[in-house]
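To start, the structure itself, in structure tokens.
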Amino acid sequence: MARDAKLRHNLKVTFMKRILAAFVALTGLTSLRAQITINSLDMFYAPGQYYRSYAADGEVSVQGLLGGVGGPQNWNFSTGPQDAVFRFDYLDPEDAGAIASLFPEAKLVERKQVENGTVGDAWLFLDQQFGKGRMAYGFYDPAITGPVGLDDPAGIFDPPLLDFPEGITLGRSWSGGTVFLNSMLGAEMRMTYTSSATADAYGIVTLPKLGFMECIRVNELVSTLYEIKFPDAGEDLGTASTGGEFTPVAEYYVRNLYWMAKDRGIVVQITSRESATPPPDEFATAAQFVRMFETNHPKGSTDPWPVTDLSITLGESQVLLGWTKPLNATSFRVEHTGALGPDAVWTTLTTTTSNFALDDRVAEGARHYRVVSLP
């Protein structure tokens, strides 16, 4: 009996060790899943890239689909509305023709087409700046004009909007804002756009035809303040005002939820109805539901990119070296040599996770510096 009890005890200990090991492995996997980072190589950054998405035509129920904060979570978007197909092509600005002259700083253009639709192309003028993020300079969309719409299809952002920064990872928050002008029935209008976003959840997302992949969810609240400069006394509504100030007439909010994946960028976007107050995080009805199902986006490298903007500032007794952190680099080895050439001997000054270093040995003569990016 004592032997049987000991055997049962050993089996129990072995079983518990296996359970504990599995739990530790699962915990490690969960922690790893939380560390996914979206950078510029995961976004669409070069002419010739494209993706296609299914979209809803009008409002659609998203009850129970959004999930909550944290993770890991499993979002299955393999099924959903297929009322329309959106195609997004990334082009050189010159492909936009004369419209591009309105956005001279843009280096990349996103063209949205509704396949088999009657709506004209919509254009978003961008620059995917490695190390900084995606800059938006404005848009051109004929759909916003018409008898009850705005007079001009163009919206020129002043200042440009950083809508997705470099290095989006769980817990990161950012905000942005811009202003653009237009008119309605000849009355001058000013729109002030403000957004605040947080990468608030993570897990697995499943897409039609593309399967499942790790993702981060970004929760963004957007407000747009509409102001009108009303005509002066004696002027018709269709006549531009010669004086006066902009008067607020309305402010509306929408909540955008973005699911972002490596080598795919934004794979799902769900947008709430527009309302006079901020929509809740878990809204039941969406005004827009878009799911990627096809793309030619290349697989991004995980190798650290080189430092390309090393600056040197001389002080009284020190040298300050500074640079911008490039993609995929988490630390840097700063080296110096007394003479350049194929036989140069480089000596390590320091290894740092910062984007600067100080050298206080300026009295030893001329030095040449380089910074080596490390993973």
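The values are calculated or read from the model by the stated rules, or taken from the named source; none is laboratory data. Quick caveat: nothing in here was measured; it's all calculated off a predicted structure. Every residue, glycine among them, receives a Cβ derived from its backbone with ideal geometry; neighbour counts consider all protein chains shown. Each accessible area value is taken on the protein alone, full model and side chains, heavy atoms only, with ligands, DNA and RNA left out. Shrake-Rupley method; radii C 1.70, N 1.55, O 1.52, S 1.80 Å.
Test residue 214 against the criterion of being in contact (Cβ under 8 Å) with a residue 60 or more places away in the chain, open to solvent by 50 Å² or more (accessible area, probe 1.4 Å) and more than 11 Å from the chain's Cα centre (by Cα), and give yes or no.
Details: in contact (Cβ under 8 Å) with a residue 60 or more places away in the chain: yes; open to solvent by 50 Å² or more (accessible area, probe 1.4 Å): yes; more than 11 Å from the chain's Cα centre (by Cα): yes.
Considered against the rule, which asks whether it is in contact (Cβ under 8 Å) with a residue 60 or more places away in the chain, open to solvent by 50 Å² or more (accessible area, probe 1.4 Å) and more than 11 Å from the chain's Cα centre (by Cα), residue 214 comes out as yes.
Just the residues that are without any contact (Cβ under 8 Å) to a residue 24 or more places away in the chain and more than 24 Å from residue 67 (Cα to Cα), please, taken from segment 272-314. Once the filter is applied, which keeps residues that are without any contact (Cβ under 8 Å) to a residue 24 or more places away in the chain and more than 24 Å from residue 67 (Cα to Cα), segment 272-314 yields 308, 309, 311, 313.
Condition test on residue 270, is it of a type in the set (A, V, I, L, M), open to solvent by less than 20 Å² (accessible area, probe 1.4 Å) and under 30 Å from residue 83 (Cα atoms)?
Values: of a type in the set (A, V, I, L, M): yes; open to solvent by less than 20 Å² (accessible area, probe 1.4 Å): yes; under 30 Å from residue 83 (Cα atoms): yes.
Judged against the criteria, residue 270 is a match.
On the stretch given as segment 355-370, residues that are surrounded by 12 or more Cβ atoms within 10 Å (Cβ to Cβ) and modelled with pLDDT of 85 or more total 9.
Residue-level check: of (1) in contact with a Phe, Trp or Tyr (Cβ under 7 Å, 6 or more places away or on another chain); (2) at positive phi, residue 136 misses just (2).
Checked against (1) in contact (Cβ under 8 Å) with a residue 12 or more places away in the chain; (2) surrounded by fewer than 18 Cβ atoms within 10 Å (Cβ to Cβ); (3) not charged (D, E, K, R), residue 199 passes all but a single condition, namely (2). The set of residues from segment 94-139 being of a type in the set (Ser, Thr, Tyr) and either touching a Cys at 6+ places or on another chain (Cβ under 6 Å) or within 20 Å of residue 53 (Cβ to Cβ) (or both) comprises just one member, 118.
Being open to solvent by 50 Å² or more (accessible area, probe 1.4 Å), assigned to a strand (DSSP E or B) and modelled with pLDDT of 95 or more is true for just one of 258, 252. Which residue is that?
Working: 258 fails: open to solvent by 50 Å² or more (accessible area, probe 1.4 Å).
One residue alone meets the criteria, 252.
Of everything in segment 130-148 that's within 20 Å of the chain's Cα centre (by Cα) and open to solvent by 50 Å² or more (accessible area, probe 1.4 Å), which residue is farthest from residue 161 (Cα to Cα)? Selected residue: 130.
Out of the residues in segment 305-342 that are of a type in the set (D, E, K, R) and closer than 13 Å to residue 354 by Cα, which is modelled with the lowest pLDDT?
Applying the first criterion (of a type in the set (D, E, K, R)) to segment 305-342 yields 309, 316, 325, 333, 335.
Retained after the next criterion (residues that are closer than 13 Å to residue 354 by Cα): 325, 333.
Details: 325: 86, 333: 95.
Applying the filter and picking the extreme gives 325.
A quick yes/no check of all residues on (1) of a type in the set (Ser, Thr, Tyr); (2) surrounded by fewer than 18 Cβ atoms within 10 Å (Cβ to Cβ); (3) in contact with a Ser or Thr (Cβ under 8 Å, 6 or more places away or on another chain):
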| site | (1), (2), (3) |
| --- | --- |
| 287 | no, yes, yes |
| 296 | no, yes, no |
| 299 | no, yes, no |
| 302 | yes, yes, no |
| 317 | yes, yes, no |
| 320 | no, yes, yes |
| 326 | no, no, yes |
| 340 | no, yes, no |
| 349 | no, no, no |
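Counting just the residues of segment 42-100 that are closer than 30 Å to residue 302 by Cα and polar (S, T, N, Q), which one comes out surrounded by the most Cβ atoms within 10 Å (Cβ to Cβ)? Of everything passing the filter in segment 42-100, 53 is surrounded by the most Cβ atoms within 10 Å (Cβ to Cβ).
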